[in-house]
1. Please work out the Cα center distance from the stretch 129-177 to the stretch 187-253, rounded to the nearest Å.
2. For the stretch 463-563, which trypsin sites (Lys or Arg not before Pro) are in a loop by DSSP, counting at most 13 other Cβ atoms within 10 Å?
3. Net charge within 14 Å of Arg602 by Cβ-Cβ distance, Lys/Arg positive one each and Asp/Glu negative one each, not counting Arg602 itself?
4. Taking neighbour counts of Cβ atoms within 10 Å as a proxy for exposure, in what order, fewest first, do Asp617, Asp111, Asp484 appear?
5. Please work out the C-alpha center-to-center distance from the stretch 581-617 to the stretch 441-478 and express it in whole Å.
6. Just for the chain, what percent of DSSP beta bridges are antiparallel, to the closest 5?
7. Using only Cα atoms, locate the centre of the stretch 406-431 and the centre of the stretch 298-319, then give the distance between them in Å, rounded to an integer.
8. Give the residue list of GluC sites (Glu not before Pro) in the stretch 430-468 that are DSSP loop and have at most 14 other beta-carbon atoms within 10 angstrom.
Amino acid sequence: MAKYEDVFQRSLKQPDNFWAEAAEGISWYRKWDKVLDDDTPPFYRWFTGGMMNTCYNAVDRHVENGRADQVAIIYDSPVTDTIRKITYGQLQQQVAAFAGALKEQGVTMGDTVIIYMPMIPEAAVAMLACARLGAIHSVVFGGFAAHELAIRIDHAQPKVLITASGAIEGKKVLAYKPLIDKAIEMADHKPKKCIIYQRPFIKADLHEGRDLDWQELAGASEPADCVPVSATHPLYILYTSGTTGTPKGVMRDNGGHAVALHWSMKNVYNLDSGDVFWSASDVGWVVGHSYIVYGPLLKGCTSVFYEGKPVGTPDPGAFWRVISQHGVKVLFTAPTAFRAIKKEDPNGEYCKKYNLKNFEALYLAGERLDPDTYHWACDLLDRPVIDHWWQTETGWAIVANCRGIEEFPVKPGSPTKPVPGYDVRILDPTGKELGPNQEGNVVIKLPLPPGTLPSLWRDEEKFVKSYMSTFKGYYETSDGGYRDEDGYFYIMGRMDDVINIAGHRLSTGAMEEVVSGHPDVAECAVIGAQDALKGEIPIGFIILKAGVDRDFAEIEKELVQMVRDEIGPIACYKESILASRLPKTRSGKILRGTMRAIANGRQYRMPSTIDDPTILDEIIALLSTKRAAK
Ligand code: COA
Ligand code: AMP
């Protein structure tokens, strides 16, 4: 039997043995009683009874095992013209000191802490310090506005909020403090303390009694030790977009997460301890959690923290400069980053200036890898270009070309085969399994492997309703796709109202909530339309209230500002179309799927439930007028 097939079959047929063996890669204070606890499906738990600490595994044990002088984090920040290297020994000191500071502020096992930080190593120090104490962190991406942060503060109920005085986004300096103050003012829950890391280029004013200076606190604290936690104790909550304005708090445990990520470093990415891994994402997304911070550190790799963009900081050679300067072996980013580079440097002239001798492979995820981008990257780099599919919920790859096990020939457009641990199937809407080349709902047969979400934070009901109810015994990914006759999977896109903008997951439902709050808007539908650079961008179809006769261009500007203020610039909401009606079913449900198909030039079937089919002609005409105007 081929190597992959053997490993894959073993992972499904003997999950206990398989994951117990993988768990040997982690240090435990106490071994588990049960590898897979399946007493209360669909709530599965891994390594119940086991005691460990994620921070110990990611930092301290490497120091104890002779890696104290190895670089753990390379901070490379073209926007501040800084390169700083932090060894495992230094990281241990910094994390222990900051954990001590948190402890002195009353943070203890089970408390929640929100982290709103730019891409600086202190973000990792804050995350690891929480893990050290058994506190549960929730990192919020810096591109979200105060209102979104307030929603997360109210749901996570943090004792402490950790932030920085500001960030540099491309060429713009962003002050974080006014945004933080506004979010706390908007939220019902008030964190007791805010800890602010002052950056040299922008100083934050501190509120007497609430705000504390990171540098002062960490300099004066008593270092804290790692606290043993149970394997099932939550490590973090990461909010992600669902179909409504209320984000889902994806929960991650400690034990299963550490085992799965450690295992994935070799088996999925083919990395060993000591290798340099660069995940060009942000700590605010799941890729940042798993593969900027936890995965590489659990494995004893060197992780690159990059505070910059693929282009413009300063040029489209930025990625090649970082790879060559730091000896990066594997780069992980989103296809959008490559499309941005390709747009500015189509012939790859910048790439030719650098020596990429240590560079072994490029991994892409976060959105569908279109064959054009795949071929361009392959031709440019002359190295494996590996697409892999996953979600915030799973925390690590579901389908990938596992180069550490057995490398398969790539079929452009396919992330290849299921990763061991994931029993991926294609079902029709009635739950019937579909055969090769038949497109349907991509689902995963339960149980999900370690490292995936055990539930949603404080919302077990929503967990069951969102993921476990449509197809009994399966996790619903909400992606559509198919498998071919060789067992390669093709992921074609979301089947719900979640869209993927530049590899970032956002909810059109959340945008609709904001847009419909405009005083002149009677009704709206926001859909994702294809975009050559960002994959998808949102477009709003707007019905104005009767009697409104203002210039629509003015209203459009106000809508753009409202979405920026309420959700954040990252939503990239820039286009609205004035319509007189929206296509609906006879029961009044807006036919967003049909509108999406029209906007993306895909074939669609006239829904049998449509109230008035002539509206679709109007939508087609409006879109083509808008495109022509662009
Ligand atoms: N904090 C605050 N604002 C942020 C931000 C952050 N961390 N990240 C992005 N924004 C802002 C941007 O400044 C921009 O604001 P603007 O409308 O005022 O210009 C807006 O959000 C949209 O950002 P982005 O989608 O990043 O667009 P861009 O035009 O600045 O850059 C790319 C385009 C392609 C270079 C960029 O999208 C990119 O690097 N994509 C790769 C995505 C990626 O790595 N995804 C990781 C998931 S795996
Ligand atoms: P996120 O939770 O932000 O990681 O977004 C997850 C969603 O991104 C998935 O449900 C997919 O729709 C999409 N996605 C991620 N990786 C891929 C990929 N390699 N191919 C196709 N879609 C992807």
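1. Answer, in whole Å: 7.
2. Counting only loop positions with at most 13 other Cβ atoms within 10 Å, the trypsin sites (Lys or Arg not before Pro) in the stretch 463-563 are Lys472, Lys545, Arg550.
3. Here the count lands on +3.
4. With the sparsest Cβ surroundings first, the list reads Asp617, Asp484, Asp111.
5. What the calculation gives is 29 Å, centre to centre.
6. Given both bridge residues lie in the chain, the antiparallel proportion sits at roughly 60 percent.
7. 29 Å
8. Passing sites in the stretch 430-468 are Glu439.
All of the numbers you see were taken from the coordinates with simple rules; none came from a lab. As the structure is a computational prediction, the values presented were derived from the model and not from experiment. Glycine gets a Cβ as well: all are built from the backbone with ideal geometry, and neighbour counts include every protein chain shown.
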